[in-house]
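Written out below as structure tokens is the structure these notes cover.
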Amino acid sequence: MNQTTGNDRYLAELMRSAQDGDGNAYVVLLHTITPMLRKAVSRQLAFYQRQDVEDVVQDTLLSMHAARASYDPERPFLPWLWGIARNRAADAGRRHARRAAREMTVAEVPETFPDPGANISVDDYRDPEALRQAIDGLPLRQRTAMELLKLHEMSLKEAASVSSMSVGALKIAVHRAVATLRDVLG
């Protein structure tokens, strides 16, 4: 018996145990196959960056996890795993080719946006006191929604429980508050 056959039987037994609900066997299986996958994918996709190889490895592990019930414990494990890895590598290659076809290389990345309104620096921003006064002048529900969601950065769920307003009411109040503030602040 060669080492590959023995290793395959060991991995098949781990997968069989994992299919039977043994979480520890699954952890050992993952820890055993991950370096093997990393090495195989690195060889297959030698032109990829390390993080791209890691993405393919993780995609392979996720696919294996999703398809683990389809593995037949009477069959060799490694060919089944390598089939999944080949498919994920092919998917990654297609994504890479599509992305490369759409990307355009530029000599210098602009630091600002083409829309001049989006390029307001902190120093150009209007008076913070005027903003505070404008917020204070909002109706109570709008002011409360703005303070909780925008100033205190609460989630909608948190703000709803604190303010006794529904999530929908908070969204509407913020929308109206922003419109009012745009009008007031010009």
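General observations
- Each label point was placed 7 Å from the Cα along the Cα-to-Cβ direction; for residue 106 and residue 52 their separation is 2.1 nm.
- A run of the chain free of exposed loop cleavage sites, with GluC sites (Glu not before Pro) counted only in DSSP states other than H, G, I, E and B and at most 15 other beta carbons within 10 Å, reaches its longest extent at 1-73.
- Set of lysines near residue 171 by C-alpha distance (under 29 Å), chain-local residues within fewer than 8 positions excluded: 150, 157
- What the Cα convex hull of the range 125-185 gives, in volume per residue, is 73 Å³.
- Along the axis of the charge dipole computed for the chain (Cβ charges of +1 for Lys and Arg, -1 for Asp and Glu, origin at the Cα centre), the listed residues 140, 180, 82 are led at the positive end by 82.
- Neighbourhood charge, 15 Å Cβ-Cβ cut-off, centred on residue 19 and excluding it, Lys, Arg +1 and Asp, Glu -1: -2
- Scanning the chain for chymotrypsin sites (Phe, Trp or Tyr not before Pro) lying in DSSP loops with no more than 10 further Cβ atoms inside 10 Å, the longest uninterrupted stretch between such sites is 48-124.
- At 1.567 mPa s and 4 °C, Stokes diffusion of the range 3-102 via Kirkwood alpha-carbon radius, µm² per second: 92
- Cα-only Debye scattering, the chain: base-10 log of I(q)/I(0) at q = 0.09, 0.14 Å⁻¹: -0.68, -0.83
We did not get these values from a lab; they are worked out from the coordinates using the rules stated. From a predicted model like this one, the values you see are computed outputs, not experimental measurements. With ideal geometry, Cβ positions are generated from the backbone for all residues, glycine too; neighbour counts draw on all protein chains shown.
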